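The values are calculated or read from the model by the stated rules, or taken from the named source; none is laboratory data. Predicted model, so just to flag it, every value in this text is computed and none were measured. Every residue, glycine as well, gets a Cβ built from its backbone with ideal geometry; the counts of neighbours run over all protein chains shown. Ligands, DNA and RNA are stripped out before the accessible areas are found, and what is left, the full protein with its side chains, is counted by its heavy atoms. Shrake-Rupley method; radii C 1.70, N 1.55, O 1.52, S 1.80 Å.
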Amino acid sequence: MNMAFRHTDLGTLAAPPAMATLQRIGDGFRDYQVVRAGFASGLFDWLKDNGPAEKSTIAGALELRGAHLGAFLQTLEDLGLLARHGSAYILAPGMEAVLCKSSAWCQAETLAALAAPTCGWSDMAAFMSARWVQPARGASSIERHPLLQDARQLAARLLKREAVARARTLICFDGADGLLSAALCQALPELRASVVVPAGAVPQAEMLLAECNVADRCKVLPGTPLDLPANGMFDLAILFHSLYPVRKSTVDALSAVAARLASGGELCSAHWFCLEACESAPGGRRDLDKAVLTDSHPLCHVEQFGQRLEDAGLVDDGREDLPGEFGNTKLHFGRKA
């Protein structure tokens, strides 16, 4: 049997400089796996209750492999999660809040969710395939909801507007599973809201509104901006990351919502937009974050959105940028004449 071999001179064999870029990416994956193992082993919770502790004590208590435990603990220290008192390990200052199960901000489930089959990040090749079907998004606590900060920031911005502060009835197409509606209801005790979410998100929205103690003033309904399930007229209408699935019928959706606004009522649209001609720019991973979260494309042609409000029968009342964890959310305001 003939076999062909390369003739490699080890003395001249050198990796291309570009290898360093890929190695840094691989290092990030390894760091992720080390932190996940820290959660899975119970190390962080154990150290909270028993630290500072020597390596041998940790190995015995958690049944970890002593031969590799030094490198494992050192990596967690390098990442800023652990600290040392002499030769004994303890949680780094402040880390208990995000590493221990006793904290509502514990990130164990957040990191684990990235590797779940229901998350596009677990298999980006599958997510990018034209055959991808988005699974239902799992429920999350208020603290772990990916749009919590965006919802809080938007509520704070909206409360500065006179039309919002005086509103008594709200219809909110809430892409944050009710968190935006909850923030507004908590700030405005007389506000009553119809909260419209996709059918599969109704239980999650009801749970979050109950936890925020505003469920008695909020009615959760399944629907979209093209399919308004609520009756009556409203002082205020908000579309928060809810137009993406119907973006090809944006004017129809805005018209349907505008028809439910009382005279003088205000509509706010809060969405991400792509760049002109859908061009890409640095920060692509955040764009992929948004894609995985919404399973959709941002809205297009931000320069035309004011005209779309007018086409829907509203007075274009201006536009603002709201910085957030995923980049700028574009706020557009329309008023019912």
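Electrostatic bookkeeping for Leu208 treats Lys and Arg as +1 and Asp and Glu as -1; over the other residues with beta carbon under 15 Å from its beta carbon, the sum is -2. Segment Thr21..Ala337, full-extension length gain: 108.1 nm, with 0.36 nm per residue of separation and the alpha-carbon distance subtracted. So, in Å, what gap is there between the alpha-carbon centers of the range 178-192 and the range 1-56? Using only Cα atoms, the two centres lie 47 Å from each other. Looking at the range 118-276, the DSSP beta bridges with both ends there are about 5 percent antiparallel.
Once you charge only the Cβ atoms, +1 for Lys and Arg and -1 for Asp and Glu, what is the size of the charge dipole of the range 23-127 about its Cα centre, to the nearest 20 debye?
100 debye
Full extension of the chain between Ala277 and Trp105 yields a length gain of 58.0 nm, computed as 0.36 nm times the residue separation minus the alpha carbon distance. Rounded to the nearest 500, the 222 nm mean residue ellipticity of the chain from helices alone is -11000 deg cm²/dmol, with -39,500 (n - 2.57) taken per DSSP H run of at least 4 residues.
Each peptide in 172-184, 25-37 gets a packing score, the mean of other Cβ atoms within 10 Å over its residues, and the list from highest to lowest is 172-184, 25-37. So what's the net charge close to Ala230: Lys and Arg +1, Asp and Glu -1, counting the other residues with Cβ under 12 Å from its Cβ? Net local charge, Ala230 excluded: +2.
Of His68, His301, His241, the residue with the greatest mean-square motion in the GNM of the chain, using alpha carbon springs below 10 Å, is His68.
When you filter the trypsin sites (Lys or Arg not before Pro) in the range 151-231 for DSSP loop state and at most 10 other Cβ atoms inside 10 Å of their Cβ, you are left with Lys160. About its Cα centre, the dipole of the range 145-336 is roughly 360 debye, where the only charges are +1 on Lys and Arg Cβ and -1 on Asp and Glu Cβ.
Dipole size of the chain about its Cα centre, with +1 on Lys/Arg Cβ and -1 on Asp/Glu Cβ: approximately 160 debye, rounded to the nearest 20.
Placing pseudo-labels 7 Å out from each Cα toward the beta carbon at Ala88 and Glu325 gives an inter-label distance of 3.6 nm.
Springs between Cα atoms under 10 Å define the GNM used for the chain, and in it the highest mean-square fluctuation of Met207, Met128, Met19 occurs at Met19. Free of any GluC sites (Glu not before Pro) that DSSP assigns to a loop and that have at most 11 other C-beta atoms within 10 Å, the longest stretch within the chain is 64-189.
Averaged per residue, the chain has 54 square angstrom of accessible surface, using a 1.4 angstrom probe with ligands and nucleic acids left out. Note on the chain: with a GNM built from Cα contacts shorter than 10 Å, the maximum mean-square fluctuation among Ala112, Ala187, Ala125 falls on Ala125.
As a fraction of the 1.4 Å probe accessible area of the chain, surface on carbon and sulfur atoms comes out at 54 percent.
The chain gives an Rg/Rh value of 1.09, both radii derived from C-alpha positions and Rh following Kirkwood.
Of interest is the spacing of the C-alpha centroids, which for the range 281-337 and the range 96-116 amounts to 31 Å. Approximating the spin labels as points 7 Å out from Cα along Cα→Cβ, the Gln307-to-Arg285 distance works out to 3.8 nm.
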